[in-house]
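One structure is given below, encoded as structure tokens.
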Amino acid sequence: MEPSGVFSFSAARRTLIAALVASVAACQSPAATTGPGSPAPTTGGPSAPAATAEPSENPPGLFHVVGSAPVIARTTFPDRNAVLPGAVTTAADGTYHAWVIAFAAAPGTQEVHYLTSDDGVAWTEVGDASLEGLSEGFGNPGAMPTSVLEEAEGWTMYLVGTLASEQQGWDIWRATAPGPGGPWTRSDEPVLRRGAAGSWDAGGLDFPTVYPTATGYTMLYSGIEAPTTTGGAIGRATSEDGIAWTRGDGPVLEPGLCGGFDTRAVHQPRVLATAENLVMAYAGYAEPADSRAVVGYADSLDDGETWGCEWPWPGLDTTGLPDGFVHTIAAFQRGDRVALLVEWLSGDGTDVWLADLGLSAP
């Protein structure tokens, strides 16, 4: 089962990125070439905010914001003040599909919404009552879809959730539907549970990305140790059918891959299979424990077993964005480019912006 709709990235772009890295490094002081300084604090992710600090000298990011306004504003959903881009995928016909989670200020199970787009900029909600059932039996905040696949026999979704009886520690679940608009039927049990006590992912699993391979499926997910929630790494699991999964012996991507901005934790593995390799946008967190998320960028040539840093600086160019910071990201193929939906926290809530991978020199 080979990935469909793949696009060429690796050879030419890795060469160009390597040249840009060398060019930027040559223009910076020796201290600056080792990676950026600590980014500013964040809510969400592994920890809550504290004092603000700016990164040291860095080139503009690889991902550049498209347009001057969010593509999915919080005002799209009445009585909600935050929008998280859960899962986004490009269908075989070229249309874009997104499942986003709308949060209210008050705690409680939140709303999952399904949207479509022809260009990744203008999004239209499509009603799907079955999405509410994904959260049945879960505690707050309910189901959070993070990966959706279009397959020959229908559509498959992977999501995270915590059983109401367990209170904390997310596991990974699976749902299927005849089409992207549902109706969705969720598995009775998780397809991947958090690790055993004392393991690196015993505290909970989060943000799985699943992609097809020649022998079945591969999943990348973030995990945390228990009881701490300030660290985190990225693990890998494989499956022949997408239902029964075998996890690896340990993390495949650990903090410190790309430098100063990801030395404490790496989360949110957003993976795309290209014609030649895998690429991953991820959220990196620096020391101290209250740092804000920064977008990292990595690639793999061996189906996600080992990863290399593509860009040793924060990957998102924040030019044009209001004062704020990254909360979550989702990656998808937009034409011949890697694109991100970025949840940007500004003021008292979040909106979703679009950013494309650009390759102009800094």
- prompt: Name the residues in the stretch 275-320 that are open to solvent by 10 Å² or more (accessible area, probe 1.4 Å) and among the aromatic types (Phe, Trp, Tyr), would you?
  reply: Trp307
- line: For the stretch 209-229 the number of residues that are open to solvent by less than 20 Å² (accessible area, probe 1.4 Å), within 16 Å of Val252 (Cβ to Cβ) and not polar (S, T, N, Q) is 7
query: Taking the stretch 284-305 only, how many residues are within 14 Å of the chain's Cα centre (by Cα) and of a type in the set (Gly, Ala, Ser)?
result: 4
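Here is a yes/no grid of residues against (1) more than 19 Å from Trp99 (Cβ to Cβ); (2) part of a loop (DSSP other than H, G, I, E, B):
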| residue | (1), (2) |
| --- | --- |
| Ala175 | no, no |
| Gly179 | no, yes |
| Pro190 | no, yes |
| Ala202 | yes, yes |
| Phe207 | no, no |
| Tyr211 | no, no |
| Met219 | no, no |
| Gly223 | yes, no |
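Mind listing whichever residues of the stretch 137-193 are of a type in the set (Asp, Glu) and open to solvent by less than 50 Å² (accessible area, probe 1.4 Å)? Walk me through how you get there before you give the answer.
Just the residues of the stretch 137-193 that are of a type in the set (Asp, Glu), to begin with: 150-151, 153, 166, 171, 188-189.
Hits for the stretch 137-193 are Glu151, Asp171.
For Pro70, are the conditions met, namely being within 22 Å of Gly315 (Cβ to Cβ), at pLDDT 95 or above, open to solvent by 40 Å² or more (accessible area, probe 1.4 Å) and assigned to a loop (DSSP other than H, G, I, E, B)?
Values: within 22 Å of Gly315 (Cβ to Cβ): yes; at pLDDT 95 or above: yes; open to solvent by 40 Å² or more (accessible area, probe 1.4 Å): yes; assigned to a loop (DSSP other than H, G, I, E, B): yes.
Considered against the rule, which asks whether it is within 22 Å of Gly315 (Cβ to Cβ), at pLDDT 95 or above, open to solvent by 40 Å² or more (accessible area, probe 1.4 Å) and assigned to a loop (DSSP other than H, G, I, E, B), Pro70 comes out as yes.
Restricting attention to the stretch 110-149, which residues are in a loop (DSSP other than H, G, I, E, B) and under 19 Å from His327 (Cα atoms)? Give the steps one after another, and end with the answer.
Residues of the stretch 110-149 in a loop (DSSP other than H, G, I, E, B): 110, 118-123, 127-128, 136-137, 139-143.
Residues satisfying the conditions are Gln110, Asn140, Pro141, Gly142, Ala143.
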- prompt: Does at least one position in the stretch 115-130 carry a residue that is open to solvent by 40 Å² or more (accessible area, probe 1.4 Å), out of contact with any strand residue (DSSP E or B) (no Cβ under 7 Å at 6 or more places or on another chain) and acidic (Asp, Glu)?
  reply: yes
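The values are calculated or read from the model by the stated rules, or taken from the named source; none is laboratory data. Note that the coordinates shown come from a computational prediction; the quantities given were computed from them, not determined experimentally. So basically every Cβ, Gly included, is an ideal-geometry build from the backbone, and we count neighbours across all protein chains shown. For accessibility, only protein heavy atoms count, side chains too; no ligands or nucleic acids. Shrake-Rupley method; radii C 1.70, N 1.55, O 1.52, S 1.80 Å.
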